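Report on one structure; see the data block that follows.
The values are calculated or read from the model by the stated rules, or taken from the named source; none is laboratory data. Predicted model only: the values in this text are computed from it and were never measured. Cβ coordinates were reconstructed from backbone atoms using ideal geometry, including for glycine residues, and neighbour counts include every protein chain displayed. Accessible surface is based on the protein model in full, side chains and every heavy atom, while ligands, DNA and RNA are left aside. Shrake-Rupley method; radii C 1.70, N 1.55, O 1.52, S 1.80 Å.
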Amino acid sequence: MKWALLLAIPILVVVLSLSGPHVSHLTLGHFLLHIATAVLVVLPVYLAVNAYARTGSRRFLLLTAAFVALAAREITLSYFMISGTTATVGDIPVDHLLGLVALVLLTAAFLVKEQ
Amino acid sequence: MIYLLKRDVFSPVGLALMAVVWAASVATASLGYAFAAAISAVNILSLLVFLLSIFVAVVGVVNDREGAVYFYLSKWGRRRYAAWRLYVNTLYGLAAGFASTAPYYVLRPELWHIAAAAVFATALLGSQLGTLAAFSARGRGYAYMSALAVWVFLALVYDLAVAFASLFAPMGDAQLFALLVLNPFHCAVLPSLLVLDPHMLTLGAAGQFAVRQLGLGAAALLIIALYAIYTAIFAYAAYEAGRGRDI
């Protein structure tokens with residue numbers, strides 16, 4: 001029933017984007033884009049966690065961490081965009097930092113040598 | 001592939017449904033090419049071609065399962081059989097859809113591309129759903145019953161259910177539009193209707209909302225993207241059902 005899970009993704013995006021009152025200052029298309037990325041980013045996390053559970057390798061552990069950071073970045077960015085708020089470290093928005101963390105972890109996943 | 005296609009082309013259920021769609025396409029062409037007539041024609045042809053493509057796909061699979069499936073499986077293996085069956089069902093669904101609506105294109109050449117787009121989209125979707133229903137069912141009776149249930153729900157009951165639900169739980173324009181695009185059958189037909197009715201007047205409040213909030217281009221893009229996603233997922237599901245189940 002993997003296909004039913006896949007089918008849930010577009011349904012979830014449509015329902016989350018259009019089911020409530022449209023409170024955001026964003027246009028509907030922009031709003032939908034941020035909902036879609038926040039929902040879609042869960043999929044690579046799930047796949048990476050599965051791959052790590054199957055292999056137990058350091059490379060997949062780093063890849064999982066990279067996707068988790070990327071998911072955190074996308075969800076944070078979507079929240080900031082939709083709510084019109086932001087959180088910063090110094091003058092750097094948190095989502096920028098999370099993007100950097102994800103990139104570093106992803107690079108490490110490619111460079112790491114398996115034992 | 002030819003083995004599979006030969007068996008399908010002469011299936012009585014497919015031929016009977018093609019005759020019905022053929023007659024209906026003559027009748028819809030006789031309505032004329034005014035706005036309401038064209039909208040009605042696209043809707044009626046889509047409904048019937050959807051049913052036709054679902055059923056020819058079911059017939060193809062159940063005939064295999066009660067006949068030569070052992071031969072196909074031993075010759076090709078599960079993966080190749082599932083892929084070929086899905087491919088042939090899609091091909092035959094599209095061919096049957098276009099052949100049976102041919103009178104409409106001949107009699108109303110000014111609208112042929114709009115009707116053909118709807119026929120193509122619904123036949124493609126119907127083929128995937130029919131194949132999925134037939135591979136997932138326990139036997140012939142269950143396959144026909146589930147295919148008919150899918151058609152009745154998506155093409156007929158869904159809109160009635162939404163209409164009744166909106167009486168008891170008043171919904172906003174955004175919710176109505178969401179319910180519209182959650183139905184894969186609507187996503188197949190709506191792009192053709194958008195060509196005929198660029199302001200989405202026939203969709204009422206939901207259409208007004210889509211045009212106002214998204215604009216025509218983005219609304220069309222969203223609907224086509226959802227249609228592509230639904231169709232790809234159903235195709236994958238049908239392939240997995242054919243490959244993984246003990247058919």
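For region B:76-112, the set of residues classified as assigned to a helix (DSSP H, G or I), among the hydroxyl-bearing types (Ser, Thr, Tyr) and within 24 Å of B:ASN43 (Cβ to Cβ) consists of B:THR90, B:TYR92, B:SER100, B:TYR104, B:TYR105, listed by residue number. Is there a residue being touching a His at 6+ places or on another chain (Cβ under 6 Å) and among the hydroxyl-bearing types (Ser, Thr, Tyr) anywhere in region A:64-79? Yes, that holds for at least one residue.
Okay, residues lined up against (1) farther than 27 Å from A:LEU16 by Cβ; (2) open to solvent by 40 Å² or more (accessible area, probe 1.4 Å); (3) of a type outside the set (Gly, Ala, Ser):
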site	(1), (2), (3)
A:VAL45	no, no, yes
A:ALA66	no, no, no
A:GLU74	no, no, yes
A:ALA102	no, no, no
A:PHE110	yes, yes, yes
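Please work out if A:VAL14 is open to solvent by less than 40 Å² (accessible area, probe 1.4 Å), within 11 Å of chain B (Cβ to nearest Cβ) and hydrophobic (A, V, I, L, M, F, W, C). In short, yes. For region B:192-221, a tally of residues being open to solvent by 60 Å² or more (accessible area, probe 1.4 Å) and either of a type in the set (A, V, I, L, M) or over 19 Å from B:SER46 (Cα atoms) (or both) returns 8. Please indicate, with yes or no, whether at least one residue in region B:171-181 is open to solvent by less than 60 Å² (accessible area, probe 1.4 Å), touching a residue at least 60 places away in the same chain (Cβ under 8 Å) and either part of a helix (DSSP H, G or I) or at the interface with chain A (Cβ under 9 Å from one of its Cβ atoms) (or both). The answer is no, given that none of the residues of region B:171-181 is open to solvent by less than 60 Å² (accessible area, probe 1.4 Å), touching a residue at least 60 places away in the same chain (Cβ under 8 Å) and either part of a helix (DSSP H, G or I) or at the interface with chain A (Cβ under 9 Å from one of its Cβ atoms) (or both).
Of the residues A:VAL104, A:VAL112, A:VAL68, A:VAL89, the single one that is more than 11 Å from the chain's Cα centre (by Cα) and at pLDDT 95 or above is A:VAL104. The condition (being touching a residue at least 40 places away in the same chain (Cβ under 8 Å) and of a type in the set (A, V, I, L, M)) is satisfied by just one residue among A:ILE9, A:ILE92, A:ILE35, A:ILE75: A:ILE35. The condition (being within 12 Å of another protein chain (Cβ to nearest Cβ) and either touching a Lys or Arg at 6+ places or on another chain (Cβ under 9 Å) or closer than 27 Å to A:ALA4 by Cα (or both)) is satisfied by just one residue among B:ALA155, B:ALA237, B:ALA163: B:ALA237. Going by the conditions given, is A:TYR52 under 27 Å from B:LEU179 (Cβ atoms) and either in a helix (DSSP H, G or I) or within 14 Å of chain B (Cβ to nearest Cβ) (or both)? Considered against the rule, which asks whether it is under 27 Å from B:LEU179 (Cβ atoms) and either in a helix (DSSP H, G or I) or within 14 Å of chain B (Cβ to nearest Cβ) (or both), A:TYR52 comes out as no.
All told, A:HIS25 meets the bar of being open to solvent by 80 Å² or more (accessible area, probe 1.4 Å), in contact (Cβ under 8 Å) with a residue 40 or more places away in the chain and within 14 Å of another protein chain (Cβ to nearest Cβ). Within region B:203-228, residues that are within 12 Å of chain A (Cβ to nearest Cβ) sit with their Cβ atoms under 8 Å from residues that are aromatic (Phe, Trp, Tyr), at 6+ positions apart or across chains, in these pairs: B:ALA206/B:PHE177; B:PHE209/B:PHE177; B:ALA210/B:PHE177. With the structure loaded, tell me whether B:VAL26 is touching a helix residue (DSSP H, G or I) at 6+ places or on another chain (Cβ under 6 Å), assigned to a helix (DSSP H, G or I) and open to solvent by 40 Å² or more (accessible area, probe 1.4 Å) or whether it fails that test. Spelling it out, B:VAL26 is indeed touching a helix residue (DSSP H, G or I) at 6+ places or on another chain (Cβ under 6 Å), assigned to a helix (DSSP H, G or I) and open to solvent by 40 Å² or more (accessible area, probe 1.4 Å). Can you go through B:ARG78, B:ARG85, B:ARG140 and tell me which one is in contact (Cβ under 8 Å) with a residue 60 or more places away in the chain, surrounded by fewer than 16 Cβ atoms within 10 Å (Cβ to Cβ) and within 21 Å of B:ALA241 (Cα to Cα)? None of the other options fit; the residue is B:ARG78. Yes or no: region A:86-97 includes at least one residue that is open to solvent by 70 Å² or more (accessible area, probe 1.4 Å) and either among the hydrophobic types (A, V, I, L, M, F, W, C) or within 14 Å of chain B (Cβ to nearest Cβ) (or both). Looking through region A:86-97, at least one residue is open to solvent by 70 Å² or more (accessible area, probe 1.4 Å) and either among the hydrophobic types (A, V, I, L, M, F, W, C) or within 14 Å of chain B (Cβ to nearest Cβ) (or both). One residue alone among A:PHE31, A:PHE60 is in contact with a helix residue (DSSP H, G or I) (Cβ under 8 Å, 6 or more places away or on another chain) and either within 11 Å of chain B (Cβ to nearest Cβ) or open to solvent by less than 60 Å² (accessible area, probe 1.4 Å) (or both), and that residue is A:PHE31.
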